[in-house]
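Take a look at the structure set out below.
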Amino acid sequence: MRHVALALLYLRAWLFYLGMALLTLPFSLLALLCLPLPAVTRSRLVGGWAYAVMWWLKCCCNVRYEVSGREHIPAGPAIILSKHQSAWETIALQTIFPPQVWVLKRELLLIPFFGWGLWAVGSIPIDRSSGREALKKLVNHGKQRLQHGLWVVIFPEGTRTAPGQRGKYHIGGAWLASHSQTPVVPVAHNAGRYWRKNSILKYPGVIRVVIGPAIKTQALKPDALNKQVEDWIETEMLAL
């Protein structure tokens with residue numbers, strides 16, 4: 001029975017990835033066609049991809065999610081600093097928060113179709129090895145996206161961590177928030193239990209997402225802000 005259950009998990013995972021690939025192609029082309037449109041409109045249209053993928057994930061793998069703390073989402077654009085455990089949150093956050101762009105590794109833009117879509121919606125690619133130049137680019141491009149009404153999503157740990165692990169929280173997100181005086185919304189979740197790092201398997205269950213109160217940044221230096229975000233997220237992770 002155990003082998004049968006495992007085989008079913010693999011079958012469902014492969015079906016999910018097949019459907020995800022089929023969805024990515026038309027939405028990537030749609031992103032390119034939407035380039036003349038305002039940034040928020042473009043993001044809303046292309047964001048339909050995330051809703052479709054979440055629906056397909058539920059159908060194929062019975063992976064669902066519930067969100068607490070929606071009342072903490074501010075009315076205007078903000079910076080989302082989220083725990084990073086899997087690829088799930090890079091998709092799901094698009095269905096939870098207003099139109100947004102992501103700060104990501106520039107190599108992702110080279111992926112056919114998927115990377116084209118990321119570029120077309122205004123994602124902010126950075127080269128982490130460039131140090132302060134990367135921070136300057138992040139602030140310049142981040143301010144521009146925020147002024148256009150878009151939220152900015154950043155994963156402070158930079159790379160995915162397994163459940164129970166804690167990565168180093170990099171300063172970039174707090175730096176952008178401090179220099180643009182934009183509120184920060186911290187997010188904790190346990191997606192790594194169901195969509196694991198470096199595994200194609202998707203385990204059925206309910207992912208829990210917790211949205212924290214927005215943090216005002218005017219009186220906080222980047223280091224202090226980063227520490228506050230880290231403490232809140234990691235404390236919530238203990239409860240998840």
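Throughout, read-outs are computed from the coordinates displayed, never taken from laboratory work. Predicted, not measured: the structure shown is a model, and the values here were computed from it. Note: ideal-geometry Cβ built from the backbone for every residue, glycine included; neighbour counts use all protein chains shown.
Using the basic label-point model (7 angstrom from Cα toward the beta carbon), what is the residue 181 to residue 165 distance in nanometres?
Placing both labels 7 Å beyond Cα along the Cβ direction yields 4.0 nm.
I need the shape label for region 2-239. Rule: rounded when a/c is under 1.5, else prolate if a/b > b/c, else oblate, with a, b, c from the alpha carbon gyration tensor.
Judged from the Cα gyration tensor, region 2-239 comes out oblate (a/c at least 1.5, b/c at or above a/b).
Among bridges DSSP assigns within region 2-239, what percent are antiparallel (round to 5)?
Of those bridges, close to 20 percent are antiparallel.
What FRET efficiency do you get for residue 37 and residue 5 if R0 is 35 Å and r is their Cβ-Cβ distance, rounded to the nearest 0.05?
It comes out at approximately 0.15.
When 40, 152 are ordered from fewest to most other Cβ atoms inside 10 Å of their Cβ, what list results?
40, 152
So for region 102-240: antiparallel DSSP bridges make up what percent, rounded to the nearest 5?
Bridges in region 102-240 are about 55 percent antiparallel.
Hey, fewest Cβ within 10 Å first, where do 153, 67 land in order?
67, 153
Quick check on region 3-111: take the gyration tensor over C-alpha atoms, sort the square-rooted eigenvalues as a ≥ b ≥ c, and tell me if it's rounded (a/c under 1.5), prolate or oblate.
Oblate is the answer for region 3-111, as a/c is 1.5 or above yet b/c matches or exceeds a/b.
Each label point is 7 Å from the Cα along the Cα-to-Cβ direction; what then is the distance between the points at residue 206 and residue 95, in nm?
Placing both labels 7 Å along Cα→Cβ, they lie 1.5 nm apart.
Lysines near residue 216 by alpha-carbon distance under 23 Å, same-chain residues fewer than 8 away left out - which ones?
83, 136, 137, 143, 168, 227
Given the rule -39500 (n - 2.57) for each run of at least 4 DSSP H residues, summed and divided by the residues of the chain, what is its mean residue ellipticity at 222 nm, to the nearest 500 deg cm²/dmol?
-15000 deg cm²/dmol
May I ask for the longest run of the chain untouched by trypsin sites (Lys or Arg not before Pro) that are loop-located per DSSP and have at most 16 neighbouring C-beta atoms (other than their own) within 10 Å?
That would be 1-165.
Using the crude model of +1 on Lys and Arg Cβ and -1 on Asp and Glu Cβ, and no other charge, please compute the dipole size for the chain relative to its Cα centre, in debye to 20.
Dipole size: approximately 260 debye.
Neighbour counts of other C-beta atoms within 10 Å: give me 130, 178, 86 arranged from fewest to most.
Ranked by crowding around the Cβ, least crowded first: 130, 178, 86.
Take each complete run of DSSP H in the chain, measure how far its Cα atoms stretch along the helix's own axis, and keep only those covering 27 Å or more with mean Kyte-Doolittle hydropathy at least 1.0; list them.
Qualifying helices, which must be both long enough and hydrophobic enough, are 2-33.
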